[in-house]
Amino acid sequence: MKLSGNFLIASVIEALGEAMALVGKAGIDRRQYLEILTSTLFGTPVYKTYGALIADGVFEPPGFAAPLGLKDIRLTLAAAEDLRVPLPLASLLRDRLLTLLARGGDRLDWSAIGRLEA
């Protein structure tokens, strides 16, 4: 249960990062974009919390460190393999977290994957 929940949170982080990169490149303020998102369709704590971290680029101190996120995604993929459940999004998240760590993100919050696109 915990792993599947963290998989969902990481999926939201990745999607928010991609969406914010897109609107940011279009000249739209990320904070205003987040306000519109969280005051309409996506008014949940996960969008508000991680969206603010991504919009503001504040990843220290980590609430959930990137190495722990990678560990949980790896465990999710291992469980999926044992159960013969393909999880292509989890594979992408593993690669994104590995990229973050390869770039020195060991002490960052896992939401820092949301700024890799930008």
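The values are calculated or read from the model by the stated rules, or taken from the named source; none is laboratory data. Predicted, not measured: the structure shown is a model, and the values here were computed from it. Note: ideal-geometry Cβ built from the backbone for every residue, glycine included; neighbour counts use all protein chains shown. Please note that ligands, DNA and RNA were not included when accessible areas were found on the heavy atoms of the full protein model with its side chains. Shrake-Rupley method; radii C 1.70, N 1.55, O 1.52, S 1.80 Å.
In the chain, the sites counted are trypsin sites (Lys or Arg not before Pro) in DSSP loop states with at most 15 other Cβ atoms within 10 Å, and the longest stretch holding none of them, exclusive of the sites, is 1-83. Couplings for the stretch 88-96, taken from phi via the Karplus curve 6.51 cos²θ - 1.76 cosθ + 1.60 with θ = phi - 60°, read x, 5, 5, 5, 4, 4, 4, 5, 5 Hz in order; Gly and Pro are left as x.
Summing charges over all other residues whose Cβ lies under 12 Å from the Cβ of Tyr50, with Lys and Arg as +1 and Asp and Glu as -1, gives -1.
A simple spin-label model places pseudo-atoms 7 Å from Cα toward Cβ; at Asp95 and Arg31 they are separated by 3.4 nm.
How would you classify the stretch 1-58 from its alpha-carbon gyration tensor, with a ≥ b ≥ c the square roots of the eigenvalues: rounded for a/c under 1.5, else prolate if a/b is greater than b/c, otherwise oblate? Verdict is prolate for the stretch 1-58.
Leaving out same-chain residues fewer than 8 places away, which lysines sit with a Cα under 21 Å from that of Lys71? Those lysines meeting the cut-off are Lys2. Coupling constants for the stretch 50-62 follow from the phi torsions by the Karplus curve (6.51 cos²θ - 1.76 cosθ + 1.60, θ = phi - 60°), and in residue order they are 6, x, 5, 4, 5, 4, 8, x, 9, 10, 10, x, x Hz; glycine and proline get x.
Rounded, prolate or oblate for the stretch 37-102? Axes are the square roots of the Cα gyration tensor eigenvalues, ordered a ≥ b ≥ c, and the cut-off for rounded is a/c under 1.5. It comes out oblate by the Cα gyration axes.
Were the residues from Leu75 through Ala102 laid out at 0.36 nm apart, the gain over their Cα-Cα distance would be 7.8 nm.
For Tyr33, the solvent-accessible surface computed with a 1.4 Å probe is close to 50 Å², ligands and nucleic acids excluded. Take the Cα of Phe42, step 7 Å toward its Cβ, do the same at Val85, and the gap between the two points is 2.3 nm.
The residues of the chain have, on average, 57 Å² of accessible surface per residue, using a 1.4 Å probe with all protein chains present.
Carbon and sulfur atoms: what percent of the 1.4 Å accessible area of the stretch 36-95 do they account for?
About 64 percent, which is the carbon plus sulfur part of the accessible surface.
Only helices enter the 222 nm calculation for the chain: every DSSP H run of n ≥ 4 contributes -39,500 (n - 2.57), and dividing by all residues gives -22000 deg cm²/dmol, rounded to 500. Compared with the dominant principal axis of the Cα atoms in the chain, helix 66-83 is inclined by about 50°.
Net length available on complete extension from Ser4 to Glu18 is 2.9 nm, with 0.36 nm assigned per residue and the Cα-Cα distance removed.
Note on the chain: percent of Cα-Cα distances in each 5 Å bin, starting at 0 and stopping at the bin with the largest distance, equals 2, 12, 23, 23, 18, 13, 6, 2, 0.
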